[in-house]
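Participant: Okay, handing you the structure first.
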Amino acid sequence: MVKIAPSILSASFEKLGADIDEVVKAGADMIHLDVMDGVFVPNITFGPPVIKSLPRYDGVEMDAHLMITHPENNIQSFLDAGVDRISVHVESTIHLQRLLQQIRAAGVKPAVALNPSTPLHSLDWILEDLDMVLLMSVNPGFGGQKYIPATTKKIETLKETIVKRGLGIEIQVDGGVYPGNAHELASAGVDILVAGSAVFGREDYKQAISELKPK
Ligand code: DX5
Ligand code: ZN
């Protein structure tokens with residue numbers, strides 16, 4: 001069953017807590033936290049103090065997606081903020097494997113995110129260190145962009161590799177996800193769909209989430 005991770009980038013920042021509460025009641029499986037530093041991506045969002053202040057719900061993981069340069073400089077504050085997963089971009093750090101180990105040692109699920117132009121083979125020697133791979137299906141920085149069609153093939157290829165190597169890694173896809181491509185993505189092998197505008201841009205969150213869950 002595909003999990004849905006609403007991205008609070010598209011939530012209302014003046015009532016974040018209430019929006020999270022509503023989306024959890026509507027059936028969200030995890031909450032996706034888009035952290036942007038204005039350097040790695042052309043946008044700035046929020047950091048550890050905001051994440052720390054957000055409400056927590058049993059069984060609903062806090063899923064941090066770090067779009068920041070040199071995440072190793074701030075990793076401890078994100079770990080201290082209390083999240084369940086952390087995705088770091090392969091393009092953002094030099095000693096990726098060390099960072100992943102540090103995340104795992106803190107009891108948090110380590111994940112790596114790839115920009116649309118980054119090849120899958122950058123994961124070849126770190127797959128064993130991962131619980132999840134986040135494939136960006138738009139260039140990161142903003143919500144509401146259009147899904148890049150080449151991602152579907154990338155998902156299929158990654159899924160084949162994971163199965164062939166007998167690993168239990170989840171695939172997350174992020175950007176331009178909407179009811180019209182959710183089924184295609186699930187068939188390609190996605191485990192977790194991140195959705196910002198397709199959830200928070202709708203009046204009825206419950207309806208929005210159920211439309212994203214492939215029947
Ligand atoms: C983009 C972010 C995404 C974004 C998705 O940089 O990583 O999580 O919020 O937004 P939608 O679903 O609107 O494309
Ligand atoms: Zn994201």
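The values are calculated or read from the model by the stated rules, or taken from the named source; none is laboratory data. The model shown is predicted, which means the values in this text are computed figures rather than measured ones. Quick reminder, even Gly has a Cβ in these numbers, built from the backbone with ideal geometry, and neighbours come from all protein chains shown. For the accessible areas, the whole protein counts, side chains as well, though only heavy atoms, and no ligand, DNA or RNA atoms are used. Shrake-Rupley method; radii C 1.70, N 1.55, O 1.52, S 1.80 Å.
Participant: Scanning for something without any contact (Cβ under 8 Å) to a residue 12 or more places away in the chain, open to solvent by 20 Å² or more (accessible area, probe 1.4 Å) and of a type in the set (G, A, S), does the stretch 17-32 turn up at least one residue?
Facilitator: Checked against the condition, which is being without any contact (Cβ under 8 Å) to a residue 12 or more places away in the chain, open to solvent by 20 Å² or more (accessible area, probe 1.4 Å) and of a type in the set (G, A, S), the stretch 17-32 yields at least one hit.
Yes/no per residue for (1) touching a helix residue (DSSP H, G or I) at 6+ places or on another chain (Cβ under 6 Å); (2) of a type in the set (S, T, Y):
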| site | (1), (2) |
| --- | --- |
| D34 | yes, no |
| F40 | yes, no |
| F46 | no, no |
| I51 | no, no |
| S77 | yes, yes |
| A106 | yes, no |
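Participant: If we keep just the residues of the stretch 35-88 that are closer than 18 Å to G17 by Cβ and open to solvent by less than 10 Å² (accessible area, probe 1.4 Å), which is farthest from ligand 2 (Cβ to nearest atom)?
Facilitator: Among residues in the stretch 35-88 that are closer than 18 Å to G17 by Cβ and open to solvent by less than 10 Å² (accessible area, probe 1.4 Å), the one farthest from ligand 2 (Cβ to nearest atom) is A81.
Participant: Name the one entry in A113, A188 that is closer than 29 Å to D21 by Cα and touching a strand residue (DSSP E or B) at 6+ places or on another chain (Cβ under 9 Å).
Facilitator: Values: A188 fails: closer than 29 Å to D21 by Cα.
So the residue among A113, A188 that is closer than 29 Å to D21 by Cα and touching a strand residue (DSSP E or B) at 6+ places or on another chain (Cβ under 9 Å) is A113.
Participant: Hey, can you tell me all the residues within the stretch 122-163 that are out of contact with any strand residue (DSSP E or B) (no Cβ under 8 Å at 6 or more places or on another chain), under 24 Å from D37 (Cβ atoms) and of a type in the set (S, T, N, Q)?
Facilitator: N139, Q145
Participant: Could I ask something else about it? Checking G17 against (1) small (G, A, S); (2) away from ligand 1 (no atom under 16 Å from the Cβ); (3) closer than 25 Å to N139 by Cβ, only one condition comes out false. Which one?
Facilitator: The single condition G17 does not satisfy is (3).
Participant: May I ask you to list the residues in the stretch 12-36 that are closer than 27 Å to N73 by Cβ and under 16 Å from the mean Cα position of the chain (by Cα)?
Facilitator: Scanning the stretch 12-36 gives M30, I31, H32, L33, D34, V35, M36.
Participant: Give me the residue from the stretch 1-10 that is farther than 15 Å from M62 by Cα and at pLDDT 95 or above and, out of that set, farthest from ligand 2 (Cβ to nearest atom). Give the derivation first.
Facilitator: Going residue by residue through the stretch 1-10, those that are farther than 15 Å from M62 by Cα are 1-2, 10.
In the following step, the residues that additionally are at pLDDT 95 or above were identified as 2, 10.
On the way: V2: 16, S10: 11 Å.
Restricting to residues being farther than 15 Å from M62 by Cα and at pLDDT 95 or above, the top hit is V2.
Participant: Also, I was wondering about something else. Among the residues of the stretch 171-191, count how many are farther than 16 Å from E156 by Cβ and either buried (at least 20 other Cβ atoms within 10 Å of the Cβ) or within 11 Å of ligand 2 (Cβ to nearest atom) (or both). Break it down into steps so the answer makes sense when it comes.
Facilitator: So in the stretch 171-191, the residues farther than 16 Å from E156 by Cβ come out as 174-180.
Remaining after also requiring either buried (at least 20 other Cβ atoms within 10 Å of the Cβ) or within 11 Å of ligand 2 (Cβ to nearest atom) (or both): 174-177.
Here the count works out to 4.
Participant: If you don't mind, there's one more thing I want to ask. Out of the residues in the stretch 1-16 that are outside any strand (DSSP E or B) and not hydrophobic (A, V, I, L, M, F, W, C), which is most open to solvent (accessible area, probe 1.4 Å)? Walk me through it before giving the result.
Facilitator: Quick first cut of the stretch 1-16, residues outside any strand (DSSP E or B) only: 1-2, 8-16.
Those left that are additionally not hydrophobic (A, V, I, L, M, F, W, C): 10, 12, 14-15.
Numbers: S10: 38, S12: 32, E14: 168, K15: 90 Å².
By that ranking, first place goes to E14.
Participant: Same structure, new question: Here's a check for you: in the stretch 176-215, which residue that is within 16 Å of the chain's Cα centre (by Cα), part of a loop (DSSP other than H, G, I, E, B) and touching a residue at least 40 places away in the same chain (Cβ under 8 Å) is nearest to ligand 1 (Cβ to nearest atom)?
Facilitator: G196
Participant: Looking at V138, V133, can you tell me which residue is within 21 Å of V177 (Cβ to Cβ), in contact with a Gly (Cβ under 9 Å, 6 or more places away or on another chain), outside any helix (DSSP H, G or I) and open to solvent by less than 10 Å² (accessible area, probe 1.4 Å)?
Facilitator: Working: V133 fails: in contact with a Gly (Cβ under 9 Å, 6 or more places away or on another chain).
One residue alone meets the criteria, V138.
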